[in-house]
């Protein structure tokens, strides 16, 4: 694939997402937001003379299982991964990705957006070359003791069906699509995992014949 940026922009446009818009749950889109964290406590606490807290591995494992289940349930295996990176964090992020076994990106495009005055780049990889399990685990850990460079920054795209998988951290995962029928099976099978806060809006999306 020669121009992954163009393919990505074409797909999100078909989903009703404009360039520069946040790519995540929106009640005006065809999408679902799932709760990823399970029932376990996020942290465990060690008592005694040396008291400290640490990330609960059971919580992380349950979150990963749920995230991977949703990933495996996508209509097709994603083709493209895009990571949004600020220029000031580029070197640190690439070093971290290298530790995960992720090689150099296939395409780098400067965004028209900035974050606090910092230039933003969109980096693209072909998914079949990536250690997806490691990536998902690191995204889950990003806000609970891991490296926070990947939280809310990673999007996986299925070009054929125009479906995006966006695990943003341990709390949730968005599935976004052009057509309702392509992700209705998520709504049907994993209804109990839908984030309660957004459930009313999501029910409306999938029961409104005009969408």
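The values are calculated or read from the model by the stated rules, or taken from the named source; none is laboratory data. Because the structure is a prediction, the values reported are computed rather than measured. Neighbour counts run over all protein chains shown; Cβ positions are idealised from the backbone, glycine included.
Out of the residues in the range 42-60 that are surrounded by fewer than 18 Cβ atoms within 10 Å (Cβ to Cβ) and in contact with a helix residue (DSSP H, G or I) (Cβ under 9 Å, 6 or more places away or on another chain), state the one that is farthest from residue 136 (Cα to Cα). Result: 44. Does any residue of the range 58-66 turn out to be in a loop (DSSP other than H, G, I, E, B) and touching a residue at least 40 places away in the same chain (Cβ under 8 Å)? Scanning the range 58-66, I find no residue that is in a loop (DSSP other than H, G, I, E, B) and touching a residue at least 40 places away in the same chain (Cβ under 8 Å), so the answer is no. Being buried (at least 17 other Cβ atoms within 10 Å of the Cβ) and touching a residue at least 60 places away in the same chain (Cβ under 8 Å) holds for only one residue in 123, 136, and it is 136. Checking the range 166-182 against the condition returns a match, with at least one residue being more than 11 Å from the chain's Cα centre (by Cα), within 22 Å of residue 32 (Cβ to Cβ), outside any loop (DSSP other than H, G, I, E, B) and free of Cβ contacts under 8 Å to residues at least 40 places away in the same chain. Residues of the range 144-156 that are surrounded by 22 or more Cβ atoms within 10 Å (Cβ to Cβ) and in contact with a helix residue (DSSP H, G or I) (Cβ under 6 Å, 6 or more places away or on another chain): 150 alone. The residues of the range 101-113 that are surrounded by fewer than 15 Cβ atoms within 10 Å (Cβ to Cβ) and over 19 Å from residue 8 (Cα atoms), listed by number, are 101, 103. Flag: residue 39 matches the condition of being assigned to a loop (DSSP other than H, G, I, E, B), loosely packed, with under 15 Cβ neighbours inside 10 Å and over 19 Å from the mean Cα position of the chain (by Cα).
Scanning the range 5-39 for residues that are farther than 23 Å from residue 162 by Cα and either at pLDDT below 85 or in contact with a strand residue (DSSP E or B) (Cβ under 6 Å, 6 or more places away or on another chain) (or both) turns up 38, 39.
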